[in-house]
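Working notes, beginning with the structure itself.
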Amino acid sequence: MDQLKEMLQNKYPAIDFDSEKKLTSSGILDSMAVVNIIAEIENLFDISVTMEYIQPKYFESVETMWEMVEELM
């Protein structure tokens, strides 16, 4: 999870990923940010994020993103 958090902090330094738990539902991350994060996750972990995972609930927090990554690895 550290790699994921580091990538997110580098891309979005203004967001506190340690405390934010509603990144998509509160509008902190918009759809374009999610698309960019998906591309970064795919490159970083050499996985393919399938359509079933392209849902806001998987991008609410670092923890939910990491759960998705673990399921796809």
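The values are calculated or read from the model by the stated rules, or taken from the named source; none is laboratory data. Keep in mind that what you see is a predicted model, and the values were worked out from it rather than measured. Counting neighbours? That spans all protein chains shown, and the Cβs are built from the backbone with ideal geometry, glycine included. The area values use the complete protein model at the heavy-atom level, side chains included, leaving out ligands, DNA and RNA. Shrake-Rupley method; radii C 1.70, N 1.55, O 1.52, S 1.80 Å.
In table form, for the structure just shown:
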| read-out | value |
| --- | --- |
| Per residue accessible area in Å² of segment 8-73, where ligands, DNA and RNA are left out and the probe is 1.4 Å | 60 Å² |
| Mean projection area, nm², convex hull over Cα of the chain | 4.2 nm² |
| FRET efficiency estimate (nearest 0.05) - Cβ-Cβ, residue 10 to residue 67, R0 22 angstrom | 0.55 |
| Value of [θ]222 nm, deg cm²/dmol, for the chain, DSSP H segments ≥ 4, -39500 (n - 2.57) each, nearest 500 | -15500 deg cm²/dmol |
| Whole-percent carbon and sulfur share, accessible surface of the chain, 1.4 Å | 49 percent |
